[in-house]
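The structure under discussion appears below in the form of structure tokens.
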Amino acid sequence: MYVPAPGEHVSYDNLRVAVIGAGWAGVRRAAAAAGHPRTEVALIVDIDPTAAHHLAEVHEVPHSTDVHDALADSGVDIVIVATPNGHLAELAIAALQAGRHVLVEQPMGRTVAEAVAMASAASSAERVLKVGFNHRYYPGLTRAYAYFVEGVIGPIVNIRAQYGHGERPGQLGAWREDRELAGGGQLTDHGLHVLDLIHWFAGEPKEVFSFLQTAVWPIKPLEDSAFALMRFDSGVVAQMHTAWTLWAENFRFEIFGTEGAMTIEGLGERYGQHRLTVARRRAHGGHPYTETTFFDDEDISWAAEWAEMVSAVEDGQPYMGSPHDGVTVMNVLDALYRSAESGQLIGL
Ligand SMILES: NC(=O)c1ccc[n+]([C@@H]2O[C@H](COP(=O)([O-])OP(=O)(O)OC[C@H]3O[C@@H](n4cnc5c(N)ncnc54)[C@H](O)[C@@H]3O)[C@@H](O)[C@H]2O)c1
């Protein structure tokens with residue numbers, strides 16, 4: 001199988017998908033693949049036989065505890081890698097080298113070197129490698145991006161974001177407390193999604209600064225709270241706070257332009273109803289024209305992201321979460337960690 005040029009359509013029988021890692025993210029990825037008319041789940045792989053068996057039962061497909069089964073099965077077209085961060089690069093690269101297209105969970109590995117190695121494996125193998133930045137596909141964010149491109153709020157001046165919760169690390173999986181497996185703390189875990197959204201709207205920052213804290217949870221040397229400041233060539237300044245110490249689920253992404261502002265809040269369920277507020281300033285000042293759109297609680301981000309993966313594989317369409325996006329955001333993450341360690345503003 002090869003990646004077709006844009007506009008060239010290659011018709012396959014249903015694309016067959018192997019899911020490696022049957023945890024929180026793997027369950028959602030598998031459901032998205034099963035729900036798409038052109039793909040079917042073919043195999044579940046997890047080193048934990050119970051997790052593998054449980055998800056395989058849901059989809060009525062075989063399961064294995066050996067990743068080589070997914071790589072050796074020539075009937076598999078796409079591999080989803082949804083393991084702890086420490087295994088993402090090794091498994092994604094092995095799948096690409098075996099000729100599979102890959103959707104790999106974010107972060108794109110633990111280091112810039114791992115991200116670059118994945119990008120280069122995809123390029124050598126001429127396969128699609130998509131990094132799972134599902135937050136771009138929440139409808140409030142998708143719509144906000146379309147409004148921004150239309151010029152509804154004018155050029156961006158500032159972005160402010162906060163994302164996190166207050167759950168005790170350990171409830172989400174012990175690997176997040178292990179530097180070897182996680183790579184980083186909350187700046188990596190939730191922060192990377194926000195860094196990707198900021199990258200989407202504002203491009204690549206030129207200077208970054210951060211303060212990290214390990215304020216509450218006993219997870220040193222990992223951080224449970226991170227503040228980041230970023231400045232872009234365009235003059236845009238962005239600020240982010242991401243923490244496991246917010247005590248309630250919290251997502252808020254604000255974009256301020258010269259003509260108005262947009263605020264995206266909530267991600268459904270415990271994060272509160274997903275909504276987009278657009279404010280357009282009046283020429284003569286005063287309270288802006290304001291409109292809020294509320295979205296259903298159902299999380300459609302996984303299905304929307306998967307649809308883009310399928311059209312990249314079948315039609316060679318450009319896709320978000322490209323290797324370039326993944327490496328760019330890993331560079332920003334790395335610079336933020338270096339800033340926190342050195343106390344310096346870091347140029348990129
Ligand atoms: N896009 C998102 O919003 C989002 C949300 C959660 C997690 N994630 C990402 O998904 C990945 C997994 O996170 P999670 O929350 O699902 O973790 P999890 O602990 O719920 O699941 C991980 C699964 O991987 C299995 N596993 C571990 N090592 C393996 C290996 N070598 N081969 C096969 N299986 C292995 C574990 O047994 C476990 O079942 C991480 O990279 C995380 O950052 C993304």
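The values are calculated or read from the model by the stated rules, or taken from the named source; none is laboratory data. Quick caveat, the model's predicted, so the values are computed rather than measured. Every residue, glycine among them, receives a Cβ derived from its backbone with ideal geometry; neighbour counts consider all protein chains shown.
Quick notes on this one:
- Only one entry of Glu223, Glu207 meets the criterion of being surrounded by 24 or more Cβ atoms within 10 Å (Cβ to Cβ) and among the acidic types (Asp, Glu), and that entry is Glu223.
- Here Met108 clears all of (1) in a helix (DSSP H, G or I); (2) within 30 Å of Leu15 (Cβ to Cβ); (3) not assigned by TED's automatic domain parsing to the domain that holds Tyr271 except the condition numbered (1).
- Filter result for Val208 (in contact with a helix residue (DSSP H, G or I) (Cβ under 9 Å, 6 or more places away or on another chain), within 15 Å of Ile156 (Cβ to Cβ), β-branched (Val, Ile, Thr) and in contact (Cβ under 8 Å) with a residue 24 or more places away in the chain): no
- Residues that are within 14 Å of the ligand (Cβ to nearest atom) and surrounded by fewer than 24 Cβ atoms within 10 Å (Cβ to Cβ) were ranked within the stretch 14-27; the one that is nearest to Ser301 (Cα to Cα) is Ala25.
- Checking the stretch 300-321 against the condition returns a match, with at least one residue being more than 16 Å from the ligand (Cβ to nearest atom), of a type in the set (Val, Ile, Thr) and buried (at least 19 other Cβ atoms within 10 Å of the Cβ).
- If the condition is being over 20 Å from Phe294 (Cβ atoms) and either part of a loop (DSSP other than H, G, I, E, B) or assigned by TED's automatic domain parsing to the domain that holds Leu91 (or both), then the stretch 135-163 contributes Gly151, Gly154, Pro155.
- Considering each residue of the stretch 128-141 in turn, at least one proves to be more than 16 Å from the ligand (Cβ to nearest atom) and either in contact with a helix residue (DSSP H, G or I) (Cβ under 9 Å, 6 or more places away or on another chain) or modelled with pLDDT under 95 (or both).
- Residue within the stretch 227-240 that is within 16 Å of the ligand (Cβ to nearest atom), of a type outside the set (Lys, Arg) and touching a Lys or Arg at 6+ places or on another chain (Cβ under 7 Å) present: no
- Only residues that are at pLDDT 95 or above, in a helix (DSSP H, G or I) and surrounded by 18 or more Cβ atoms within 10 Å (Cβ to Cβ) were counted in the stretch 54-76, giving 3.
- Checked against (1) out of contact with any Leu (no Cβ under 8 Å at 6 or more places or on another chain); (2) over 13 Å from Ala22 (Cα atoms); (3) assigned to a helix (DSSP H, G or I), Gly99 passes all but a single condition, namely (3).
- Residue count for the stretch 338-348 under the criterion of being surrounded by fewer than 19 Cβ atoms within 10 Å (Cβ to Cβ) and part of a helix (DSSP H, G or I): the result is 3.
- Answer from Ala51, Ala30 - the residue that is within 12 Å of the ligand (Cβ to nearest atom), without any contact (Cβ under 8 Å) to a residue 60 or more places away in the chain, assigned to a helix (DSSP H, G or I) and within 20 Å of Asp13 (Cβ to Cβ): Ala30
- Condition met for Ala226 (of a type in the set (Gly, Ala, Ser), within 22 Å of Ala115 (Cβ to Cβ) and outside the structural domain of Thr83 (by TED's automatic domain parsing)): yes
- Residue in the stretch 83-96 that is in contact with a Gly (Cβ under 6 Å, 6 or more places away or on another chain), within 13 Å of the ligand (Cβ to nearest atom) and without any contact (Cβ under 8 Å) to a residue 60 or more places away in the chain present: yes
- Flag for Val79 being part of a strand (DSSP E or B), within 14 Å of the ligand (Cβ to nearest atom) and touching a residue at least 60 places away in the same chain (Cβ under 8 Å): yes
- Residues of the stretch 183-226 that are of a type in the set (A, V, I, L, M) and more than 14 Å from the ligand (Cβ to nearest atom): Ile198, Ala202, Val208, Leu212, Ala215, Val216, Ile219, Ala226.
- Hey, Ala182 of a type in the set (A, V, I, L, M, F, W, C) and surrounded by fewer than 24 Cβ atoms within 10 Å (Cβ to Cβ) or not: yes
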